[in-house]
């Protein structure tokens with residue numbers, strides 16, 4: 001019987017498609033509202049956690065706001081932070097750009113052994129070692145783009161690079177090329193080539209952040225890395241850290257307090273989306289979103305219920321004939337409850353792809369590479385189930401009106 005009623009409901013809806021679409025508007029948009037937020041949030045969290053290295057979401061870049069400070073970064077500080085935060089820091093490296101050299105490529109003095117802190121992996125050769133640093137060996141690691149351009153596709157291992165009149169270094173390792181998106185991002189994770197880039201920069205300046213263009217060289221794949229002992233007077237300009245994406249924000253706050261207490265004035269940059277994705281305020285927003293969703297569904301279902309009541313008035317003759325043919329009151333009641341539930345279920349099904357479309361638009365407009373979407377299976381099933389159940393409850397009023405129809409009085413006037 002239930003299946004027959006559902007098929008009858010769908011046939012009635014098909015007869016008046018435009019009216020049906022108008023009836024379903026509240027339910028469709030309410031369902032879309034329930035799907036769009038989980039689609040974006042689940043997709044973004046998955047993107048952050050699975051692609052942390054490529055997107056730079058596990059990265060902290062530490063520099064200093066001014067040069068007129070009580071203390072300046074030094075190589076011992078890098079080792080101290082690595083030791084003191086060994087449970088939180090996966091990789092750490094100090095970076096000092098060296099100028100006034102003969103090469104046109106950027107040269108970085110680094111501490112050995114932590115190439116992964118720069119988001120780099122070794123393609124061939126070996127890493128810098130503590131022995132290279134201690135013995136002041138004239139060796140270097142070269143990044144992929146620089147290796148290709150300087151050596152025209154030849155194997156650079158063992159080749160010599162002239163950095164200055166006094167310093168000539170041997171290439172002992174070549175790094176893998178970064179993903180294309182890395183060089184297109186700034187230190188906050190925003191794409192430089194996004195159509196809304198100007199708006200992002202304007203907002204950042206309003207919030208007091210002015211991009212340090214010097215750090216662009218860290219993502220260019222054109223660098224030459226040497227032991228910092230070759231340049232004894234250099235000090236780290238940046239300290240680059242990699243950590244679990246879930247721990248980046250707590251680690252950032254801890255480092256800011258710790259470095260401040262030591263006399264430094266640290267500027268610590270992280271991916272801009274992380275504080276949102278893993279903050280308590282997002283949980284509050286999700287709870288608020290649920291309230292708005294339930295209100296939307298309640299309004300949409302109320303509209304459907306009211307229109308079904310009107311439908312009862314239009315179908316009194318049909319109800320009277322069914323009663324004369326032997327249908328009982330509860331048969332009539334079940335028919336209108338199931339019809340209302342079917343209408344809401346159909347609206348829920350149509351609302352899910354609309355919610356996904358809104359999520360795609362939302363992610364396309366945002367210039368953050370960490371913002372993504374996914375199909376929230378569990379959330380979609382939950383939303384459609386809630387909409388259907390609320391629809392069944394909303395069908396009680398038209399069902400009650402339907403069972404009140406007196407077939408004798410109705411057929412007398414027919």
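Give the residues of the range 73-97 that are farther than 15 Å from residue 255 by Cα and part of a loop (DSSP other than H, G, I, E, B), sorted by residue number.
Correct list: 74 only.
Give me the helices (runs of 4 or more DSSP H) completely within the range 332-414, filtered to those with at least 3 residues that are at pLDDT below 75, ordered by residue number.
Details: elements: 377-394, 396-403, 407-413.
The qualifying helices (runs of 4 or more DSSP H) are 396-403, 407-413.
Answer yes or no as to whether residue 86 is free of Cβ contacts under 8 Å to residues at least 40 places away in the same chain and more than 29 Å from residue 267 (Cα to Cα). I'd like the intermediate steps shown before the answer.
Working: free of Cβ contacts under 8 Å to residues at least 40 places away in the same chain: yes; more than 29 Å from residue 267 (Cα to Cα): no.
So residue 86 does not fit the description; no.
The values are calculated or read from the model by the stated rules, or taken from the named source; none is laboratory data. Quantities reported herein were computed from a predicted structural model and do not represent experimental measurements. No Cβ is skipped: glycine too gets one built from the backbone with ideal geometry, and neighbour counts run over all protein chains shown.
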